[in-house]
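**Q** Okay, here's the structure, questions in a sec.
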Amino acid sequence: MASDIQKSVLLTSFHSGKKKVKIILHKGNIVWDNEKLPSDKKSVPIENVISVEYNYKSCHPSEIRQIDPLSFTIHYAERESGPKWIYKKLLLKHTDPQQVSSWVKTLQAHLKGFEKRPKHLLLFVNPFGGKRNAMQIYEKFGKRLFDVAGVEVTVNVSQRKDQIKDYLISHNLEFFDAVACVGGDGTVSELFNGLVLRECRQNGIDADDINQSLPKPKIPIGIIPGGSTDTIAYCIHGTTDVTTAVLQIIFGDSIGLDLVSVYDEHTLLRLFASVLSYGYLGDVAYHSDQYRWMGPHRYDFSGFKKLVGNKGYRGEIAVYSENETVAEEPCRENCARCRSSGSPNAADLACKWRTISGNFFMISGANISCACSRSPRGIAPYSHLGDGMLHLVLVRHTSVLNNLRLLLRLSSANSKVDDLPFVETFTAREFCFRGDERGSRWNCDGEIQHQTNIRAKVRCQLLTILSRGSPICEPVQSKCCGI
């Protein structure tokens with residue numbers, strides 16, 4: 001298919017609005033420019049074309065619409081400076097219907113070769129997350145683009161906690177070639193927890209056995225941000241822009257994402273994709289829940305209270321890893337490290353356990369960088385999406401002033417936290433934690449886990465995400481936020 005695209009050549013002059021443009025299809029790119037000065041040359045790779053269709057003749061609303069054989073539209077996307085993608089279209093007219101037909105048939109034939117693009121999408125909408133506007137987000141940004149791309153969308157609106165997970169475990173998904181959600185990190189978590197548990201049930205695998213290899217869901221997932229922080233979407237796409245997220249689903253390109261399974265002494269508690277936090281962030285998540293009426297500001301309010309309280313938690317952590325140092329290499333689009341990490345078992349031969357004890361203000365197992373608009377670099381800026389390791393960030397219990405230094409670093413686009421003297425960062429494939437009886441709670445992708453003693457294990461690239469990844473770009477400065 002790729003060779004056919006490279007061999008296709010078309011060259012025609014069309015009218016686009018009041019201008020006459022010369023348009024060329026050559027080596028998998030569509031290039032057009034004004035025939036007369038001033039020049040306005042533009043180029044779009046065929047993989048960024050969403051669809052190509054004939055236009056319709058103008059008619060009365062009561063009449064049946066008729067195809068106009070003399071004009072067609074190329075719907076495409078292009079990346080702005082930075083991670084955001086935007087939707088555009090190019091309307092072209094010609095006096096010869098054969099010229100129009102040749103272009104439409106050729107481009108549509110190329111688009112049919114992108115077999116991984118979803119055609120039947122199951123979309124879950126969480127109307128209670130974030131600003132409670134998930135359905136409006138879909139109607140405003142998603143519906144039209146999916147229609148343009150020819151994606152048939154089945155919308156399922158969740159009404160209770162764990163409804164998405166329960167649905168995915170028990171319902172037939174054979175009709176769908178992708179599953180997506182509009183919601184925050186908790187909604188995304190429900191989605192992949194349901195898919196993994198579904199695979200375990202279908203394959204007769206005991207999910208509660210930490211030594212079992214968890215099966216990889218066959219169906220890819222898309223993430224459309226609609227929550228308070230949308231950390232997972234931000235780290236994957238490089239932005240929480242909704243149009244960008246929708247276009248990533250339409251393109252059908254995918255990357256592998258690690259998941260981390262969390263256990264108590266007997267059972268699997270849940271899987272997480274972003275962070276598992278104990279101490280400060282666990283307390284903030286737990287106590288902010290009673291202030292949901294405040295919206296995202298509840299985290300600022302609860303965060304300030306816990307910052308001033310400055311409570312420490314004693315505990316012992318066992319870390320399983322082959323490296324004690326963190327390579328300062330960020331994860332970006334086409335990441336070579338993630339591409340080479342499909343088989344982590346070989347690295348296990350060099351792994352060993354080490355134990356760390358102390359009094360901690362916060363313990364965070366970051367599966368991704370955990371960057372977001374509130375924290376442009378995140379708590380683990382060099383954590384990768386699919387390298388089979390998490391970054392364990394240990395913050396010792398010190399003073400309120402040091403806690404403030406930590407939060408200011410987290411909210412800065414140009415600073416990191418691991419060079420603070422009371423912060424240690426380790427890479428880990430597994431870790432265990434045991435704390436005292438008057439401990440904190442675990443914040444697991446925004447959901448509270450009340451078990452203190454846990455064991456967490458990374459599952460390398462267990463999930464397939466519809467995205468091209470985050471490009472290399474400078475983060476935008478943001479103000480401090482309390483977490």
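The values are calculated or read from the model by the stated rules, or taken from the named source; none is laboratory data. Worth saying up front: this structure is predicted, and the values here are computed from it rather than measured. Using ideal geometry, Cβ is built from the backbone for each residue, glycine included, and neighbour counts are taken over all protein chains shown. Protein only, heavy atoms only, side chains kept; ligands, DNA and RNA dropped before computing areas. Shrake-Rupley method; radii C 1.70, N 1.55, O 1.52, S 1.80 Å.
**Q** For the chain, calculate the relative contact order in percent as a whole number, restricting contacts to Cα pairs under 8 Å that are 6 or more residues apart.
**A** On the way: 1103 pairs, mean separation 74.4, N = 483.
Once divided by the residue count of the chain, the mean separation gives 15 percent.
**Q** For a quick check of your reading of the filter: which trypsin sites (Lys or Arg not before Pro) in the range 272-335 sit in a DSSP loop and have no more than 11 other Cβ atoms within 10 Å? Don't skip to the end; give the middle numbers.
**A** Working: sites: Arg292, Arg298, Lys305, Lys306, Lys311, Arg314, Arg332; in loops: Lys311, Arg332.
Those that pass, being in a loop and sparsely packed, number zero.
**Q** Output ³J(HN,Hα) for the range 393-403: one whole-Hz value per residue in order, computed from phi by the Karplus curve 6.51 cos²θ - 1.76 cosθ + 1.60 with θ = phi - 60°, and x for Gly and Pro.
**A** With the stated coefficients, the range 393-403 comes to 9, 10, 10, 5, 6, 10, 10, 4, 4, 5, 4 Hz.
**Q** OK, next. For a quick check: with amide H placed at 1.01 Å from N, whose amide H comes under 5 Å from Ile30's, ignoring anything fewer than 5 positions away on the same chain?
**A** Val44, Ile46
**Q** Using each residue's phi in the range 238-247, evaluate 6.51 cos²θ - 1.76 cosθ + 1.60 at θ = phi - 60° and report the 3J(HN,Hα) Karplus result to the nearest Hz, with x for Gly and Pro.
**A** Working through the residues one at a time gives x, 6, 9, 5, 5, 4, 4, 5, 5, 5 Hz.
**Q** Given R₀ = 56 Å, FRET efficiency for Glu63-Ala413 by Cβ-Cβ distance, to 0.05? Could you put the intermediate results ahead of the total?
**A** On the way: r = 55 Å, r/R0 = 0.99.
It comes to 0.50.
**Q** Using a probe radius of 1.4 Å on heavy atoms only, what accessible surface per residue do you get for the range 62-150? Whole Å² is fine. Write out the running numbers ahead of the final one.
**A** On the way: 4960 Å² over 89 residues.
Using a 1.4 Å probe on heavy atoms only, each residue of the range 62-150 averages 56 Å².
**Q** In whole percent, and with a 1.4 Å probe on the protein chains, what portion of the accessible area of the chain is carbon and sulfur?
**A** Working: 11020 of 22350 Å².
Carbon with sulfur: 49 percent of the solvent-accessible area.
**Q** Tell me the label-point distance for the pair Lys311, Leu91, using the 7 Å Cα-to-Cβ offset, in nm and rounded to one decimal.
**A** 6.2 nm
**Q** Once amide H atoms are built 1.01 Å from N in the peptide plane, which residues 5 or more positions from Arg314, or in another chain, come under 5 Å H to H?
**A** When sequence neighbours closer than 5 places are left aside, the close amide H contacts are Phe360, Asp436.
**Q** Right, next: Report, in deg cm²/dmol and to the nearest 500, the calculated mean residue ellipticity at 222 nm for the chain, where each DSSP H run with n ≥ 4 adds -39500 (n - 2.57) and the sum is divided by the residue count. Don't skip to the answer; put the middle values down first.
**A** Numbers: 13 runs with 117 residues, N = 483.
Calculated mean residue ellipticity at 222 nm is -7000 deg cm²/dmol.
**Q** Search the structure for amide H atoms under 5 Å from the amide H of Ala180, placed 1.01 Å from N in the peptide plane, and list their residues when 5 or more places away or on another chain.
**A** Placed amide hydrogens put Leu122, Leu123, Phe124, Gly222 under 5 Å from Ala180.
**Q** Can I ask one more? So for the pair Asn133, Val400, with labels modelled 7 Å out along Cα→Cβ, what separation do we get in nm?
**A** The modelled label-to-label distance comes out at 3.6 nm.
**Q** Quick check for you: which residues of the range 202-243 have the amide N under 17 Å from the point 7 Å beyond the Cα of His297 toward its beta carbon?
**A** 228-229
**Q** Provide the three semi-axes, in whole Å and in decreasing order, of the ellipsoid equivalent to the range 47-140 as defined by the square roots of 5 times the Cα gyration tensor eigenvalues. Please list the in-between numbers first.
**A** On the way: eigenvalues 195, 77, 40 Å².
Working through the eigenvalues yields semi-axes of 31, 20, 14 Å.
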